[in-house]
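To start, the structure itself, in structure tokens.
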Amino acid sequence: LAKTKPIKRFNSPLRKAAALFKELHANNGSKIIARSTTQDRMTKSAEYFLAGFFGLEWPTNVTLLLAIEDSTGVWNNSLAGYYNCNNSNNYRSAGGNNATIEWYETYLADATARLQKLAPGFGWTPKDSYDAQSLCAYETVAYGYSQFCGLFTYEEWQGYEYSIDIQFAGNNAFQSPTGRAVGIGYVQEVLARLQHHTIDSPIAQINVTLDNNTATFPLDQSLNFDFSHDTNIMSILTAFGFTQFAQFLPSDRIVPHELVVSHLEPFAARLDIEIINAPAPVKASRNNTDLYEEGKATKYIHFILNQRTIPLHRSFPDCEERDDGWCELDIFLAVQSKSFEISQYDWACNGDYEAVPYGEVTNGVPTQTSS
């Protein structure tokens, strides 16, 4: 969550970035709090990022606060919200997994037959073919190359990408009954920061011990860094209500769609939330050199996912359509004031409701209401 100063113009992107960084990093000369979790890869991801951002002397600029990540759900942790949401870890939220199986049994039928001929006696299954594709992906990231990659055609790799999209849609996003609930704790933290207050009562995954203390949940930082998981970020987008990613993805064919995980949540995905303080209302159209309209100072919010703007009017009709994708902050906060209620957190995470087939859930909450 980044807060910027009034709009300024610079002669080059590099000069703009340097000037903006200098203003944001100042933080009144004090160290900032950054947050991650105790899971090893989460801790290291935070440390390496901070070293890249601040330099190897980053501990002189940042205190890294680690929330306990534990699968028992004993410790509240908005950065791994699924551990505080029982139904996100059982059959009720398995629609994405089920749909993925249906899909890879379709698109990998030819590959499975082809690979079976190369490995007689092995009993090659579509699941084995799918696992081989996953090995390609992970080995390529870890080692730079994998011999498994060449076993599949371009079309089969398109099928693999779509399988991940289906999985996220059904497990973590709008086709999951816990899609909103898993991310709603972090959304409440963002809203608290934006409205400059701590959180002093239990709600969703909030760790009240940490979030009710400005030493561990500061309200005046110019920069905030939070490190989370890819599936958790997907649920955060769902909890905010980014319905441009709510399209149903069928499990028998690839359709044009916007929830593409390799675009939204690749390795090292980054979601930036900027607050822009403008000295006057900024024109929605940028077709001329005159940026401002008549009026008083106005604050805007801007979401950037992997260096691409998420246009807020696409998901929130109360936000005007703008070239920059921004929304007036007051309007956005009014929209989000209903986000916790919409998430149905307690019922979604702890309710005894029936699982429904993939595709019946469309809004990230259970189709059945609590009695």
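Every number in this text was worked out from the coordinates using simple rules, so none of it is lab data. Since the structure is predicted, the reported quantities are computational estimates derived from the model, not experimental observations. Neighbour counts are summed over all protein chains in view; Cβ atoms, including those assigned to glycine, are modelled from backbone coordinates with ideal geometry.
At a 10 angstrom cut-off on C-beta neighbours, averaged per residue, how do the peptides 141-151, 205-215, 353-363 rank from highest to lowest?
Output ranking for 141-151, 205-215, 353-363: 205-215, 353-363, 141-151.
Using only Cα atoms, tell me the angle between helix 126-143 and the longest principal axis of the chain; keep it within 0 to 90° and round to the nearest 10.
The angle comes out at about 40 degrees.
Where does each of 241-247, 288-294, 59-65, 174-180 land if you order them by average Cβ count within 10 Å, highest first?
So the peptides 241-247, 288-294, 59-65, 174-180, ranked by packing, come out 174-180, 241-247, 59-65, 288-294.
Between residue 71 and residue 290, what's the calculated FRET efficiency when r is the beta-carbon distance and R0 is 41 Å? Round to 0.05. Before the final figure, lay out the partial values.
On the way: r = 55 Å, r/R0 = 1.35.
Working from the Cβ atoms, E equals 0.15.
Over the Cα atoms of region 93-172, each weighted equally, I'd like the Debye log10 I(q)/I(0) at q = 0.13, 0.17, 0.23, 0.27 Å⁻¹, rounded to two decimals.
Those come out to -0.40, -0.68, -1.09, -1.27, one per q.
Among 159, 170, 146, whose Cα lies farthest out toward the positive end of the dipole of region 93-172, if unit charges sit on the beta carbon of Lys, Arg (+1) and Asp, Glu (-1)?
146
What does the charge count near residue 87 come to, summing +1 for each Lys or Arg and -1 for each Asp or Glu among other residues with Cβ under 15 Å from its Cβ?
Computed value for this residue: -1.
Classify region 209-331 as rounded, prolate or oblate, taking a ≥ b ≥ c as the square roots of the eigenvalues of its Cα gyration tensor: rounded when a/c is under 1.5, otherwise prolate if a/b is larger than b/c and oblate if not. Write out the running numbers ahead of the final one.
Details: a/c = 2.28, a/b = 1.18, b/c = 1.93.
It is oblate, given that a/c is not under 1.5 and a/b is not larger than b/c.
Among 231, 216, rank each residue by its count of other Cβ atoms within 10 Å, from fewest to most, as a rough exposure measure.
Lowest to highest Cβ neighbour count: 216, 231.
Can you put 220, 230 in order, fewest other beta carbons within 10 Å first? Write down the numbers at each step before the final one.
Working: 220 12, 230 15.
Least to most surrounded, the residues fall as 220, 230.
Given +1 on the Cβ of Lys and Arg, -1 on the Cβ of Asp and Glu, and no further charges, what dipole in debye does region 93-172 carry about its Cα centre, rounded to the nearest 20?
Computed about the Cα centre, the dipole is about 200 debye.
Report the normalised scattering of region 260-369 as log10 I(q)/I(0) at q = 0.09, 0.18, 0.22, 0.24 Å⁻¹, calculated by the Debye formula with identical scatterers on the alpha carbons.
The Cα Debye sum returns log10 ratios of -0.36, -1.03, -1.22, -1.28.
For region 156-202, what D do you get in µm² per second when you plug the Kirkwood radius from alpha-carbon pairs into Stokes-Einstein at 20 °C and 1.002 mPa s?
Value of D from the Cα-based Kirkwood radius: 168 µm²/s.
Which whole-angstrom value gives the distance between the alpha carbon centres of region 125-159 and region 324-357?
Cα centres, region 125-159 to region 324-357: 36 Å.
Of the candidates 299, 117, 44, which one comes out as most mobile in a Gaussian network treatment of the chain with C-alpha springs shorter than 10 Å?
117
Could you list which residues have their amide H under 5 Å from that of residue 67, counting only those 5 or more apart in sequence or on another chain, with H placed in the peptide plane?
Counting only residues 5 or more places away or on other chains, the set is 36, 37, 38.
Compute a Gaussian network model of the chain, connecting alpha carbons closer than 10 Å, and tell me which residue from 265, 320, 155 fluctuates the most.
Sorting by GNM fluctuation, first place goes to 155.
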